[in-house]
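The values are calculated or read from the model by the stated rules, or taken from the named source; none is laboratory data. Quick caveat: nothing in here was measured; it's all calculated off a predicted structure. Methodologically, a virtual Cβ is constructed for each residue, glycine included, from the backbone with ideal geometry; neighbour enumeration extends over all protein chains shown. With ligands, DNA and RNA removed, areas are computed over all heavy atoms of the protein, side chains included. Shrake-Rupley method; radii C 1.70, N 1.55, O 1.52, S 1.80 Å.
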Amino acid sequence: MRGQVRISGAKNATLPMLAAALLTGEECALVDAPRLRDTAVMEAILTSLGVAVHSETDGEGRRVLVARAGSLEAWHVPERLVGEMRSSIFIMGPLLGRLRRARISYPGGCAIGPRPIDMHLRGLTQLGAVIRERGGYIEAETPGLVGAEIHLDFPSVGATENLMMAAVLARGTTVIHNTAKEPEIVDLQNFLNKLGARIRGGGTDAIRVDGVASLGGGEHTVIPDRIEAGTYLAAVGAARGEARLENVIPEHLDAVLSKFGEAGLQIHREADALSVQCGRRLEATDFKTLPYPGYPTDLQPQATVLACTARGISMITDTIFPSRFTQVQELRRMGADIRLEGRTAVVTGVRRLSGATVSASDLRSGAALVLAGLAAEGTTVVEGIHHVDRGYEEIESKLAALGAVIQRLE
Ligand code: UD1
């Protein structure tokens, strides 16, 4: 591989920010919002609630997603849209804050294992929501949210964001303890503060929100997608060669750069870019996913692919989603030697993978299979590529720009 790609705005920052647009009647503009299936679903959710959403292009060719929730016409999200994307739970906090009621169908499990929402619901209850679960629906209402002290059992990214958004319009002060520290949370805090919220502590393990009566509008540039960047670094590791990734905040990838460096990738940091080189067989490396600033679970399947052809045995442990190993069975079909032991994949590196028809069943394992296809001898067909479209903007053109021979089959 050889070439240059631009990393898109972060999916996981854009999704809660779109939900946050429900908190204000004024216009919110998100610069560099990526064009993805997941963001399209969130746009459709907003539209179904009566929000006016449209896209523009700025002087630098970046997409600007504009949402205005002037008056909201509904307070329940169509079941079809909730089924498409688990992150639809994000609208609960903002709708409760703005309209004092919300209803969504229960976002069920997904291919990467059970993903409960108990912390979201417990926190909203502590803020004064009355929540009823019936007939597969979650209905919540409140006479008005009131600030509270909330302790999360685990630093959940989504629960931290949902509760932050709910607390913005609550009366009084909310302190959320044991919060997740992901960069997307800091970005959400920065965006909300631009609209007039008073939030401090994003990026630490406690967040304080002083409630305000209302929010205004504002414009915000979304941070670059650290998971997309990590995926392209792994692509160079899988296929060998060199690449330059533009629009990156290298500090967001500290753990990733350290582990990929240990595996043998040569990575050079610039202020807002990364250059990566890989000219030889990688070394086996152990990976353990942890909440940020640890190694991210969203780059676990890609690490498995690097381990498949590395020299030696790698242990890859996912502590966040212990059953997130749907890529393993497919990688075995390509000749990988992988044994699953509970939440750990034990990968014995083989010299080469061979092309096969494999099937993606979720977003990140789908991306991992595309990388495996780059590493393999012969042709690989990855079915179920719509999972990959949930979170990667134009993956085939970006990989083609790096020299991959890749095409989308209709
Ligand atoms: C977010 C990311 C996702 C990433 C994940 C972990 C978005 C849109 N998605 O998902 O890409 O893989 O963080 O970094 O930002 N849990 C509970 N109860 C809850 C909530 C979570 O038990 O109420 C558990 C989950 O099952 C999981 C762990 O907490 O084991 C972490 O999940 P969480 O951080 O909430 O992930 P998401 O916000 O869903």
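Do we find a residue being assigned by TED's automatic domain parsing to the domain that holds Thr231, modelled with pLDDT of 95 or more, under 17 Å from Met1 (Cβ atoms) and open to solvent by 50 Å² or more (accessible area, probe 1.4 Å) anywhere in the range 328-335?
No, there is no match, as no residue in the range 328-335 is assigned by TED's automatic domain parsing to the domain that holds Thr231, modelled with pLDDT of 95 or more, under 17 Å from Met1 (Cβ atoms) and open to solvent by 50 Å² or more (accessible area, probe 1.4 Å).
Give the residue that is nearest to the ligand (Cβ to nearest atom), with candidates limited to residues of the range 348-361 that are more than 22 Å from Asp286 (Cα to Cα), open to solvent by 10 Å² or more (accessible area, probe 1.4 Å) and not polar (S, T, N, Q).
Per the criteria, the residue is Ala356.
Applying the selection to the range 162-171, what residues are away from the ligand (no atom under 12 Å from the Cβ) and surrounded by 23 or more Cβ atoms within 10 Å (Cβ to Cβ)?
The answer is Met164, Met165, Ala166, Ala167, Val168, Leu169, Ala170.
How do the pairs read when you match residues in the range 122-136 that are open to solvent by less than 40 Å² (accessible area, probe 1.4 Å) with residues anywhere that are more than 15 Å from the ligand (Cβ to nearest atom), using Cβ under 6 Å and keeping only pairs 6 or more apart or on different chains?
Listed pairs, sorted by first residue: Leu127/Leu145; Leu127/Ala148; Leu127/Ala170; Gly128/Thr142; Gly128/Leu145; Gly128/Val146; Ala129/Leu96; Ala129/Thr142.
Looking only at the range 213-224, how many residues end up being open to solvent by 10 Å² or more (accessible area, probe 1.4 Å) and either of a type in the set (Ser, Thr, Tyr) or within 17 Å of the chain's Cα centre (by Cα) (or both)?
Total satisfying the criteria: 4.
Condition first: within 26 Å of Gly135 (Cα to Cα), of a type in the set (S, T, N, Q) and within 18 Å of the chain's Cα centre (by Cα). Can you find one or more residues in the range 40-47 that meet it?
So far as the range 40-47 goes, no, none of its residues is within 26 Å of Gly135 (Cα to Cα), of a type in the set (S, T, N, Q) and within 18 Å of the chain's Cα centre (by Cα).
For the range 174-192, does any single residue satisfy the condition of being buried (at least 21 other Cβ atoms within 10 Å of the Cβ), of a type in the set (Phe, Trp, Tyr) and within 30 Å of Val248 (Cα to Cα)?
yes
Any residue in the range 147-161 that is within 12 Å of the ligand (Cβ to nearest atom) and open to solvent by 30 Å² or more (accessible area, probe 1.4 Å) sitting within a Cβ distance under 9 Å of a residue that is modelled with pLDDT under 95 and outside any loop (DSSP other than H, G, I, E, B)? List the pairs, counting only those 6 or more apart or interchain.
Asp153/Asp118
In a loop (DSSP other than H, G, I, E, B) and either in the same structural domain as Leu22 (by TED's automatic domain parsing) or open to solvent by 30 Å² or more (accessible area, probe 1.4 Å) (or both): is that true of Gly93 in this structure?
It is false that Gly93 is in a loop (DSSP other than H, G, I, E, B) and either in the same structural domain as Leu22 (by TED's automatic domain parsing) or open to solvent by 30 Å² or more (accessible area, probe 1.4 Å) (or both).
Residues of the range 80-104 being in contact with a Ser or Thr (Cβ under 7 Å, 6 or more places away or on another chain) and touching a residue at least 40 places away in the same chain (Cβ under 8 Å), which ones?
The answer is Leu81, Leu96, Arg100.
Considering only residues that are closer than 22 Å to Glu219 by Cα and part of a loop (DSSP other than H, G, I, E, B), which ones fall in the range 146-191?
If the condition is that a residue be closer than 22 Å to Glu219 by Cα and part of a loop (DSSP other than H, G, I, E, B), then Leu169, Glu182 are the ones that fit.
Please specify each residue of the range 1-37 satisfying the condition of being in the same structural domain as Met92 (by TED's automatic domain parsing), more than 16 Å from the ligand (Cβ to nearest atom) and small (Gly, Ala, Ser).
Gly25, Ala29
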